[in-house]
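In what follows, a single structure is set out as structure tokens and then discussed.
The values are calculated or read from the model by the stated rules, or taken from the named source; none is laboratory data. If you're wondering where the values come from, they're calculated on a predicted model, not measured in any experiment. Heads up, the Cβs are rebuilt from the backbone with ideal geometry, glycines too, and the neighbour counts pull from every protein chain shown. Areas reflect the complete protein model, heavy atoms only, side chains present, ligands, DNA and RNA absent. Shrake-Rupley method; radii C 1.70, N 1.55, O 1.52, S 1.80 Å.
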Amino acid sequence: MAGLAALTPGAPPDEAVDFAVLDYAITSMQTETYRPARLILLGEDAGFELRRSTSLDSLVTPRSPPFFVCHTAEDPYVPAEHTYRLAAALAAGQVPHAVHVFAHGPHSLGLARNVGEAAIGTTLAKAWIHEQA
């Protein structure tokens with residue numbers, strides 16, 4: 001939802017998103033990876049246009065706000081492919097972004113304390129947010 005809010009065009013200036021921070025995000029409804037979420041959110045009969053219009057990687061434009069995206073390669077629920085797809089779209093749109101995919105760790109680490117390399121994710125996000133101000 002945060003990604004959709006950031007990428008939905010036409011928001012009045014006082015409601016526009018300045019930047020987005022996404023962790024373990026489902027960014028594409030067009031891929032078969034993590035199909036259960038697509039079925040729950042869009043239904044069994046979701047057509048191509050609905051799937052495309054709710055896929056963050058399809059909504060990125062050069063006017064999109066900056067993104068910080070974080071994931072773990074071992075995530076058993078949402079494959080890191082989702083982060084890679086969004087990162088590729090942000091790069092193609094020349095949208096400022098930071099992407100971190102840590103080798104180890106489960107889905108949804110929260111503040112990620114005592115979980116190896118992924119524990120620095122919160123620190124990286126904090127530093128990145130301060131850079132956006």
Exposed loop sites here are trypsin sites (Lys or Arg not before Pro) in DSSP loop states with at most 16 other C-beta atoms within 10 Å. What is the longest stretch of the chain lacking them?
1-62
Mean residue ellipticity at 222 nm from the helices of the chain, using -39,500 (n - 2.57) per DSSP H segment of n ≥ 4 over the full residue count, to the nearest 500 deg cm²/dmol?
-9500 deg cm²/dmol
Taking protein heavy atoms only, a 1.4 Å probe, and rounding to whole percent, the accessible area of the chain owed to carbon and sulfur comes out at 57 percent
Once each part is reduced to its C-alpha centroid, what is the distance from the stretch 45-98 to the stretch 1-29 in angstrom?
11 Å
Could you sort 13-19, 71-77, 92-98 so that the peptide with the highest average Cβ count within 10 Å comes first and the rest follow in order?
71-77, 92-98, 13-19
Expected unfolding gain across Leu124-Ala5 under the 0.36 nm per residue rule, minus the alpha-carbon gap, is 40.6 nm
Neighbour net charge for Ala25 - beta-carbon separation under 11 angstrom, K R +1, D E -1:
-2
Overall dimensions of the stretch 7-94 by Cα: Rg and Dmax, Å
13.4, 39
